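Visitor: My structure is below; once you've seen it, I'll send some questions.
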Amino acid sequence: MPIRQAGKKELQFIMQHAEDVMKDSVTGNVKTSREKALQNVSQLLSNGGTYLVQMENSAVQGWIGVGRNFDFYNDEMVGFISEVYVLPKFRNHGIAERLCKAAFKRLEEQGFKSVQLQMFSGNPAKRLYERLGFQDVSVLMRKKLDHG
């Protein structure tokens, strides 16, 4: 079950599932659309990022978006994970963890000293990220205003 960089065929597959990924990741906090989801994919790729895919028998089981981002608070470029997604029928087999570890290795090889990701409140993947050593850095809070 090798993890490798996504090719054109795998990128098309990822784009076909972009809205599903967004729906899973935002945990009901924002309204999703196919256009917004494709914009997320395009932004990662246009900024020099890539996707790593977990394959078995030429079928994609899951993927991770890996790129870079400027951390304005620490004045440094850091590795960035834009998304981690495992197709539902392949979940709970350690694929997300293997994808994250492959991303860490790739980012280390590129000279990054840290990696960041952003997630929505209520996302069950937080337990995995904490197990992998991620720590909370900031909290974005929101209050809806009553315009009545």
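Visitor: Taking Ser82 as the residue in question, decide whether it is exposed (fewer than 11 other Cβ atoms within 10 Å of the Cβ), among the small types (Gly, Ala, Ser), within 16 Å of Leu11 (Cα to Cα) and without any contact (Cβ under 8 Å) to a residue 60 or more places away in the chain.
Guide: No, not satisfied.
Visitor: Inspect the stretch 66-79 for any residue being farther than 13 Å from Val115 by Cα and in contact (Cβ under 8 Å) with a residue 12 or more places away in the chain and give the result as yes or no.
Guide: no
Visitor: Residue check: is Met55 surrounded by 13 or more Cβ atoms within 10 Å (Cβ to Cβ) and under 14 Å from the mean Cα position of the chain (by Cα)?
Guide: Judged against the criteria, Met55 is not a match.
Visitor: Sticking with this one: Between residues in the stretch 116-129 that are in contact (Cβ under 8 Å) with a residue 60 or more places away in the chain and residues that are assigned to a loop (DSSP other than H, G, I, E, B), which pairs lie under 6 Å by C-beta distance while being six or more apart or on different chains?
Guide: Listed pairs, sorted by first residue: Phe120/Thr27; Phe120/Asn29; Gly122/Thr27; Asn123/Thr27.
Visitor: Taking the stretch 70-118 only, how many residues are acidic (Asp, Glu) and not in a helix (DSSP H, G or I)?
Guide: 4
Visitor: To continue, here is another question. Which numbered condition trips up Val41, out of (1) touching a helix residue (DSSP H, G or I) at 6+ places or on another chain (Cβ under 7 Å); (2) hydrophobic (A, V, I, L, M, F, W, C); (3) touching a residue at least 24 places away in the same chain (Cβ under 8 Å); (4) farther than 17 Å from Gln118 by Cα?
Guide: Failed condition: (4).
FYI, it's all coordinate maths here, none of it is from the lab. All of these numbers come straight from a predicted model, not from anything done at the bench. Cβ sites come from the backbone with ideal geometry, for glycine too, and all protein chains shown count toward neighbours.
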